[in-house]
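Before any comments, here is the structure.
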Amino acid sequence: MPTSSAASQKRLAQLRTLIAYHQKKYHEEDAPEISDEAYDALVRELTQLEGAAGSPSKVAERVGGAASEAFSKVRHVVRQWSLDNVFSDEELEAWEERTRRFLEKAGVAAPSLAYVAEHKLDGLKLVIEYQGGVLVRAATRGDGEVGEDVTHTARTIATLPKKLKQPVSLICVGEVMMFKKDFEKLNRERAATEESLFANPRNAAAGSLRQLDPKVAAARSLSLYVYDLESFDPLGTNIKEPESQWQELALLRKLGLPTSPYPERCSDLSEVKEFYCRWCADHETLPFGLDGVVVKVDDLTLQTALGYTARAPRFGVAYKFPAVESTTVVEAIELQVGRTGVVTPVAHLRPVLIDGSTVARATLHNEDQIKRLDVRVGDTVILRKAGDIIPEVVSVLLPLRPEKTKPYRFPSTIAACGGDGRIERIPGEAAYRCVSLNSEVLRRERLYYAVSKGALNIDGIGPRIIDALLDQKLVSTLADLFALTKEDFLSLPGFKDKAAENAVAAIAAARTTTLPRLLIALSINHVGEETARLITTHFPTMEAVRSASEAALAAVNGVGPTIAASVVAWQKNKEAQRELRALLPYLQFPEGRVTASAKTTLAGTTFVFTGTLSSLSRDDAKELVRTRGGAVTASVSPKTSYVVVGSDPGTKAADAARLGVKVLSENEFLALVA
Ligand code: IVH
């Protein structure tokens, strides 16, 4: 047996205790404290450590929680299993490979494997028994062997028949859920009466089913989809016993039980992957929650041959959607200084795969956030990353904190500020910034940003050339850049004729710009792309922006007091204003491209773009919308006015169709903005 260090033995013990604790919270108390994904991450770490230590524990193998004393207990006729999880196509393929090998070894011929792909519904399992066609019992899963009798509350589920369409005896299994709209309604009602809110629809469903008083359950619309037939006796009827999962679903439906309309029969694994991909992209649009796809070998003879491991069936597996939460360890906390001088604490993490990419750093936002979380170097934390959101630390798992950690102390100077490195807290904000905004370090960062694509977009001039220009003392401000000549560039190391000409031409081209681009290039704290546009729509000249009052700025919808205060601080910053005065003579703003005098024909509308447009770039198309008062968002919602569809569109076109949002072709879009 391989030995392991005392440290990992201790970690093993801590993980086992913590996992057992969260199992209890989830299964027995319907009050989980961490997401399923963070829980899965803990179990993964435990499993890995156990592999290394060679001392498998039973913790991760436990199926669910003990039945509560409050309900009478039901010993399940058929043991209730859990499902193993896979998280990638590779893991799914490995599962199929294992399945094949197992069948081969068992001497069972299976030339091809067909599957049924279903939703992994995010509710709670219900084991339902009918005798002679009459509903006699419904029970929770409990620990897999003994569940709780919840027949009294299950009877309140409108779609659960008290009598089947045929007088057969059977045991079937399904998932009790609360649809999103019913969950929201329930929480609204609870908020109104100051009752505690349910964390998610799953807990609400579980809490409602596990009520002693059926009236409470009846008042909370519960839903049910049945997905498995565990035992079947046709009694006097001539109903044939199903031979496949697909036939099982058909039979359950025929008998009047509620089944999901979504399962598909897949003739091979590539069809399963296709089903997964589709629902991975679209599951948010469904009225109920799911956290993955369940894949089951269709043929019941093969299912029987495959049988079960200690924890789960071999014939099925859950292919989970990419986790947006996971757990990892904080290895260091560093302070990063942005071009506006704002100091952001960043956690350096043990790299972890989350939502399809490896994350090694996460923002801690500011000092208050570090204090609130009490995050320390060495801590195990829950990390979240969803879509385009920057990864962030959600909470610390205190039971896994090593000994002798110290609370993090924010320093008073930071080398990354440059100059004397002093930092100060920004009035009215939780953030710190460098006292001197004019240090060499920050000027450099601001110049990098000013020439970048989203700002003045000076083609071919990037950080490397800016560094060379600064090092040769050819520039120190943005205005200096516009005064550069071909000779200046030729004096830089490695610059030949052509390159120097190109650089000068690119700078000359950037002189014709727009007011929002200039505002972005100025690195005013909190003024990014969207804000710059909002401000210039209401203050359409640089003079207007420079003299706008704090109140007038704050009154702009989408601007607010923090941004207004930041713009006013910039107005009062003599150095910044001097630089701007030096810069303005180089720039021109062609009429009609920016200002509030432009048509506002699209005011109040929201656009989403998908696919490639043939006659203009995505950025130009967005600009057309924004200069006409419209807004552009990344994803389709019922509030979206139009989805503009180019060639090779993504899933957003389908989202539009589902949500009944108007779809525009490129030509229709051009006609609208003409
Ligand atoms: S099949 C032996 N199918 O997922 C077969 N389970 O981890 C075991 N679940 O507690 C279950 N949707 O409550 C199956 N379409 C589906 C499911 C499903 C959700 C839940 C089930 C179980 C857990 C398995």
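The values are calculated or read from the model by the stated rules, or taken from the named source; none is laboratory data. It should be emphasised that the depicted structure is a prediction, and the values quoted were computed from it without experimental measurement. Cβ coordinates were reconstructed from backbone atoms using ideal geometry, including for glycine residues, and neighbour counts include every protein chain displayed. Please note that ligands, DNA and RNA were not included when accessible areas were found on the heavy atoms of the full protein model with its side chains. Shrake-Rupley method; radii C 1.70, N 1.55, O 1.52, S 1.80 Å.
A Cβ-based charge dipole, computed about the Cα centre of segment 439-506 with Lys and Arg at +1 and Asp and Glu at -1, lands at about 140 debye. Relative contact order for segment 530-674: 19 percent, from Cα pairs under 8 Å spaced at least 6 residues apart, divided by residue count. Listed as lacking a disulfide-compatible partner in the chain: C172, C266, C277, C280, by the criterion of no other cysteine Cβ under 4.7 Å. Would you kindly calculate the translational diffusion coefficient of segment 306-355, applying Stokes-Einstein with the Kirkwood radius from alpha carbon pairs, for 10 °C and a viscosity of 1.306 mPa s, and quote it in µm² s⁻¹ without decimals? My calculation gives 107 µm²/s for D. The tail of the calculated P(r) for segment 288-388 beyond 23 Å holds 49 percent of all Cα-Cα pairs. On a C-alpha basis, how far is the centre of segment 256-277 from the centre of segment 537-566 in Å? Whole number, if you could? Result: 53 Å between the Cα centres. Taking 29 Å as the cut-off for C-alpha to C-alpha distance, list the pairs among K162/K215; K215/K296; K181/K622; K125/K162 that go past it. Going by Cα-Cα distance, K215/K296; K181/K622 fall outside the 29 Å limit. Basic side chains Lys and Arg get +1 at the Cβ, acidic Asp and Glu get -1 at the Cβ, and with that the dipole of the chain about its Cα centre reaches some 1080 debye.
Relative contact order of the chain: what whole-number percent is it, with Cα pairs under 8 angstrom and at least 6 residues apart? Relative contact order here is 9 percent. Around the amide H of T606, modelled in the peptide plane, lie the amide H atoms of A631, S641, Y642, all under 5 Å away and 5 or more residues distant in sequence or on another chain.
What the phi angles of segment 269-274 give under the Karplus curve with 6.51, -1.76 and 1.60, with θ = phi - 60°, is a coupling list of 5, 5, 5, 5, 4, 5 Hz, glycine and proline written as x.
Assuming charge only on the beta carbon of Lys and Arg (+1) and of Asp and Glu (-1), the dipole of segment 464-541 about its Cα centre is about 140 debye to the nearest 20. Dividing the radius of gyration of the alpha carbons in segment 601-646 by their Kirkwood radius gives 0.94 for Rg/Rh. For K240, the lysines whose Cα comes closer than 19 Å to its Cα, not counting residues fewer than 8 places off in the same chain, are K165, K254.
Set against the 2.2 N^0.38 Å expectation for a compact globular protein, segment 151-278 has a Cα radius of gyration ratio of 1.27.
Residues whose amide H falls under 5 Å from that of T328, counting only those 5 or more places apart or on a different chain, are V381, L383, with hydrogens built in the peptide plane. The 3J(HN,Hα) values that the Karplus relation (6.51, -1.76, 1.60; θ = phi - 60°) gives for segment 611-616 are, in residue order, x, 9, 8, 8, 9, 7 Hz. Gly and Pro appear as x. Which residues make up the longest stretch of the chain that has no GluC sites (Glu not before Pro) in a DSSP loop with at most 12 other Cβ atoms within 10 Å? Formally, the longest exposed-site-free interval is 404-590. Cross-link reach is defined here as a Cα-Cα straight distance under 22 Å, omitting same-chain residues fewer than 8 places apart; for K371 the lysines meeting it are K385, K404, K406. Within segment 541-674, what whole-number % of the accessible surface is contributed by carbon and sulfur, with the 1.4 Å probe and all protein chains included in the calculation? Carbon-and-sulfur percentage of accessible area, whole number: 53.
In vacuo Debye scattering of segment 395-466, one point per C-alpha: log10 I(q)/I(0) at q = 0.11, 0.12, 0.17, 0.18 Å⁻¹? With one equal scatterer per Cα and no solvent, log10 I(q)/I(0) is -0.50, -0.57, -0.81, -0.84.
Amide H contacts for V146 (H built 1.01 Å from N in the peptide plane; partners 5 or more residues away or on another chain; cut-off under 5 Å): H76. For segment 247-337, the relative contact order comes to 20 percent (Cα pairs under 8 Å, sequence separation of at least 6). For the set K180, K185, K473, K385, solvent exposure ranked by accessible area (probe 1.4 Å, protein chains only) runs largest to smallest as K473, K185, K180, K385. Within segment 456-599, all pairs of alpha-carbon atoms sorted by distance into 10 Å bins from zero give the percentages 11, 38, 30, 17, 5, 0. Where only DSSP H runs of four or more residues are counted, the chain gives -10500 deg cm²/dmol as its mean residue ellipticity at 222 nm, each run worth -39500 (n - 2.57). Converting phi to 3J(HN,Hα) with the Karplus coefficients 6.51, -1.76 and 1.60 and the offset θ = phi - 60°, segment 152-167 yields 5, 8, 4, 4, 7, 6, 4, 8, 7, x, 7, 9, 7, 6, 9, x Hz in sequence order, with x at every glycine or proline. Ellipsoid fit via the Cα gyration tensor, segment 241-294: semi-axes of 23, 16, 7 Å, each the root of five times an eigenvalue, largest first. On a 0 to 90° scale, report how tilted helix 245-254 is relative to the longest principal axis of the chain, with both axes built from alpha carbons and the result rounded to the nearest 10. On a 0 to 90 degree scale, this one is about 80.
Any idea what diffusion coefficient the chain gets from Stokes-Einstein, in µm²/s, Kirkwood Rh on alpha carbon pairs, 37 °C, 0.692 mPa s? The calculation lands on 111 µm²/s. Local charge for D291 was computed over the other residues whose Cβ lies under 12 Å away, with Lys and Arg +1 and Asp and Glu -1, and equals -4.
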